[in-house]
């Protein structure tokens, strides 16, 4: 089965990547992703890339980026150099966004998170059901899409802060066909149907960030000729959005492999924001790379 999985993109040398954000210390969940990508690349005679996803210039720091290199070196993982850093490729993402705007599939959205929260609360208070995405966030209300061309132009010229969002309904209609991907996370090859509509009008860029995770990741994977994306189950549903963007922008489709999550004692997935114990802390406690592999069962 492993050979079948690796041969899905015949004629191409397998390319794997680990793509952390330097906005916190890596934990065991990151270690699992990094090790799986590294080992699967080695087993298939492929390449293992490291990408630094540092779009968030406020939270990402050079110190945390160096910590990523230190942690991966401690785990005895080797990666190709130079490393692609997203902060050095904002023009690539801007061109992708402009292409979607020119296709009439993206629109400026002006409401703040607080305003959206208030609208959703008011609607639900009177018994209306507001659809939510797989992460539990409410879909963005349609008000900005209902603004006149003149009103939108006036808001933009006034310098009003705004994000750009994908018009999900128009984007899906533009392709005229269902989207699928090949999923290998269960040990077999399963053709999976994408459901991007579940996410509503996703963000493509914000006033304080030139690109969203969704847009930048599909463009980066295409530029780096990534053939196999190995990542945690927490990103499984996001693949539907990525497949849609790949279809719209004419990008190649990798094979996807979503692996198990590492959970804490309360059954929650490990998280930087929740202060999950870091690899650095485990190293200071006397753990070795072989111990980490033992803890993870890899």
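The values are calculated or read from the model by the stated rules, or taken from the named source; none is laboratory data. For clarity, every value in this text was computed on a predicted model and none was experimentally measured. Every residue, glycine as well, gets a Cβ built from its backbone with ideal geometry; the counts of neighbours run over all protein chains shown.
Look at residue 125 and say whether it is modelled with pLDDT under 95 and in contact with a strand residue (DSSP E or B) (Cβ under 7 Å, 6 or more places away or on another chain). So residue 125 fails the test.
Among the candidates 42, 46, the residue that is touching a strand residue (DSSP E or B) at 6+ places or on another chain (Cβ under 8 Å) and touching a residue at least 40 places away in the same chain (Cβ under 8 Å) is uniquely 46.
Being within 12 Å of the chain's Cα centre (by Cα) and crowded, with 21+ Cβ neighbours inside 10 Å is the filter here, so list the residues in segment 205-225 that pass it. Matches in segment 205-225: 211, 212, 215, 216, 217, 218, 219, 220, 221. Restricting attention to segment 169-202, the residues being under 12 Å from residue 248 (Cα atoms), in contact (Cβ under 8 Å) with a residue 60 or more places away in the chain and not in a loop (DSSP other than H, G, I, E, B) number 5.
Would you be able to say whether some residue in segment 131-143 is part of a helix (DSSP H, G or I) and at pLDDT below 95? Yes, because at least one residue in segment 131-143 is part of a helix (DSSP H, G or I) and at pLDDT below 95. Just name the residue that is farthest from residue 216 (Cα to Cα) out of those in segment 250-280 that are modelled with pLDDT of 95 or more and surrounded by fewer than 16 Cβ atoms within 10 Å (Cβ to Cβ). That would be 280. Screening 171, 163 for residues that are out of contact with any helix residue (DSSP H, G or I) (no Cβ under 9 Å at 6 or more places or on another chain) and surrounded by 17 or more Cβ atoms within 10 Å (Cβ to Cβ) leaves exactly one candidate, 163.
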